[in-house]
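Scroll down for the structure; my scribbles are underneath it.
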Amino acid sequence: MIKVENVFVSDFEGAFRGMRNPLASWKKTDSNFDLNNIQLGPNDLKLAQKLIKAGPDHGKFLRQIFVSMDITAPLYWWKEMDTYKVGTVANSTSTMHTLTKEEITLDMFSFDNLDLMVSKGHSINGEWELTFKDCIEDILISCNNLRNKFLETKDKRYWRALIQLLPNAWNQTRTWTANYQVLRNIYNSRKNHKLSEWHTFCEEIEKLPYSKELITI
């Protein structure tokens with residue numbers, strides 16, 4: 001699961017003004033940069049796409065179109081997202097500080113395929129099946145036991161064991177900022193990735209203003 005909220009895009013005007021600085025062609029600007037109604041004109045779009053297609057050095061104006069968003073996603077996805085460090089900033093909810101504040105429940109994670117069978121066997125009571133959900137529930141029981149022992153004793157060994165045992169599917173929220181150049185790199189690299197979370201994130205990129213003309217081009 002991945003959830004993207006509170007998306008904010010800014011500084012189209014500064015980026016496109018700077019785009020025309022090299023040839024001092026500001027008089028050819030034909031866009032409206034009203035914050036609530038950005039409309040890129042054909043002259044500006046033509047130049048922008050020409051620079052983008054010439055490569056990231058020529059299309060560096062994209063680095064000045066800023067994007068901020070709140071992303072809630074599992075740790076296994078964040079590990080891949082952390083590849084994109086240049087031009088990004090993230091402030092996350094602290095797992096270390098908040099993990100023991102409330103009972104750890106299934107809805108705090110991005111698990112799917114819960115009915116997937118892990119193993120099958122026989123006992124004196126008949127045949128039994130172990131599903132993925134059964135495995136998860138056993139782990140969560142252990143996590144909560146460690147949490148309770150830490151709260152009871154304040155012994156940091158229990159807290160450390162809890163951090164080590166916590167599944168990779170734990171959902172974390174980060175306020176993440178980047179720019180259109182970073183998003184262009186992400187989109188081209190991850191749009192066909194086998195993790196479904198990347199497909200969802202790329203769909204969110206496609207919703208940004210002028211994404212088709214500037215990012216996914």
Quiz item: Which members of segment 61-97 meet the condition of being touching a helix residue (DSSP H, G or I) at 6+ places or on another chain (Cβ under 7 Å) and among the basic types (Lys, Arg)?
Solution: Arg63
Quiz prompt | Every residue from segment 74-92 that is loosely packed, with under 14 Cβ neighbours inside 10 Å, not in a strand (DSSP E or B) and not acidic (Asp, Glu) | solution = Lys79, Thr83, Lys85, Val86
Self-check item: Residue among Ile52, Ile71, Ile104, Ile2 that alone is surrounded by 11 or more Cβ atoms within 10 Å (Cβ to Cβ), in contact with a His (Cβ under 8 Å, 6 or more places away or on another chain) and β-branched (Val, Ile, Thr)
Solution: Ile52
Self-check item: Cβ-Cβ under 6 Å pairs, at least 6 apart or on other chains, segment 162-175 side more than 12 Å from Pro74 (Cα to Cα), far side aromatic (Phe, Trp, Tyr) and modelled with pLDDT of 95 or more
Solution: none
Practice problem: Being part of a helix (DSSP H, G or I), among the charged types (D, E, K, R) and free of Cβ contacts under 8 Å to residues at least 24 places away in the same chain narrows it down to one of Glu203, Glu213, so name that one. | Solution: Glu203
Self-check item: Pick from segment 173-189, criterion assigned to a strand (DSSP E or B) and more than 10 Å from the chain's Cα centre (by Cα), ranking: surrounded by the fewest Cβ atoms within 10 Å (Cβ to Cβ)
Solution: Thr177
Exercise. Please specify each residue of segment 176-217 satisfying the condition of being over 22 Å from Gly14 (Cβ atoms) and of a type in the set (S, T, N, Q).
Key: Asn188, Ser189, Asn192, Ser196, Thr200, Thr216
Quiz prompt | Pick from segment 5-39, criterion surrounded by 14 or more Cβ atoms within 10 Å (Cβ to Cβ) and free of Cβ contacts under 8 Å to residues at least 24 places away in the same chain, ranking: nearest to the chain's Cα centre (by Cα) | solution = Glu13
Quiz prompt | Output for segment 132-172, where each listed residue is exposed (fewer than 14 other Cβ atoms within 10 Å of the Cβ) and of a type in the set (D, E, K, R) | solution = Glu137, Asp138, Glu152, Lys154, Asp155, Lys156, Arg157, Arg160
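The values are calculated or read from the model by the stated rules, or taken from the named source; none is laboratory data. Keep in mind that this is a model prediction, so the values were computed, not measured. Using ideal geometry, Cβ is built from the backbone for each residue, glycine included, and neighbour counts are taken over all protein chains shown.
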